[in-house]
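The values are calculated or read from the model by the stated rules, or taken from the named source; none is laboratory data. Source: prediction; values computed, not measured. Ligands, DNA and RNA are stripped out before the accessible areas are found, and what is left, the full protein with its side chains, is counted by its heavy atoms. Shrake-Rupley method; radii C 1.70, N 1.55, O 1.52, S 1.80 Å.
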Amino acid sequence: LSPDDKRLAVELPDPRGRFDIWIIDVIRGLASRLTSDPANDRDPVWSPHSDALVYSSDASGDQNLLRRNLLDSGPPVPLPSGSGATPSEPDVAESWSRDGNTLFFVTLGQERTVWTLNMSGEGRAEPLIKGPFLVDEPHVSPDGQWVAYVSTESGRSEIYVAPVRQRGERVRVSTNGGGQPR
């Protein structure tokens with residue numbers, strides 16, 4: 001659901017099983033196709049102002065992150081330094097900070113990593129949480145200071161909270177398993 005509560009971004013398969021991103025106007029109940037290339041386009045994440053989406057696409061042969069401005073009809077733009085941060089490992093957008101400055105994404109490789117990417121185009125993607133354990137589903141707090149995520153370091157999926165820009169201890173907050181933190 002977009003931050004302005006007016007549209008949904010969803011991934012839907014075509015008859016061949018390839019995924020495209022569709023935008024659904026929740027007031028009018030109308031769906032419009034956003035992507036129609038032969039690639040798999042998945043996991044859309046809304047910008048804080050509901051004017052852009054970042055999503056994963058395998059159009060280049062590797063699953064990289066693309067940004068699509070919804071205010072014009074221009075083509076999607078690969079994210080600098082975030083797209084292909086880990087060659088041959090898929091990148092999946094997960095959360096965008098409310099101020100619009102930071103995108104949180106995950107690489108789905110043998111060793112999963114939560115990354116941050118400065119959306120002003122300055123700098124490179126920086127690893128935030130790395131582990132020998134599965135880490136996934138990072139979601140940034142409204143104030144941008146904390147990130148909640150899933151990790152299997154306890155032996156099962158649990159929710160942890162960690163600081164984003166300051167030093168500090170990460171803390172497990174679930175007691176009997178968890179997923180999809182918000």
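For Ile129, Ile27, give me the order by solvent-accessible area with a 1.4 Å probe, most accessible first, ignoring ligands, DNA and RNA. If you can, show how the numbers build up before the last one.
Values: Ile129 20, Ile27 135 Å².
Descending accessible area places them as Ile27, Ile129.
Can you work out the accessible area per residue across region 1-96, with the rest of the protein chains kept in place, probe 1.4 Å, in square angstrom?
Per-residue accessible area for region 1-96 comes out at 52 Å².
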Open item on the list: Just want to confirm a number: the relative contact order over the chain, from Cα pairs under 8 angstrom separated by 6+ residues, in percent.
Closed with: 11 percent
Task: Surface accessible to a 1.4 Å probe, Lys6 within the full protein complex, Å² - done: 110 Å²
Task: Gaussian network model of the chain, Cα within-10 Å springs - most flexible of Ser154, Ser56, Ser141 - done: Ser154
Open item on the list: Rounded to the nearest 10 Å², what accessible area does Asp58 have for a 1.4 Å probe in the complete protein model?
Closed with: 50 Å²
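So what is the relative contact order of region 1-107, in percent, for Cα pairs below 8 Å that sit 6 or more residues apart? Each step should come with its number before you reach the end.
Details: 239 pairs, mean separation 19.0, N = 107.
Contact order relative to length: 18 percent.
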TODO: Quick one: among Pro75, Pro15, Pro132, which has the greatest mean-square fluctuation in a GNM of the chain with alpha-carbon springs under 10 angstrom?
DONE: Pro15
TODO: Let me have the relative contact order for region 113-182, percent, based on Cα pairs under 8 Å that are six or more residues apart.
DONE: 23 percent
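Stretched out fully, how many nm does the piece from Asp99 to Leu1 gain, at 0.36 nm a residue minus the Cα gap? Intermediate results must be reported in sequence, preceding the final value.
Working: separation 98, 0.36 × 98 = 35.28 nm, distance 1.75 nm.
That works out to 33.5 nm of additional length.
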TODO: Please identify, among Arg124, Arg42, Arg165, the residue showing maximal mean-square fluctuation in a Gaussian network model of the chain using a 10 angstrom Cα cutoff.
DONE: Arg165
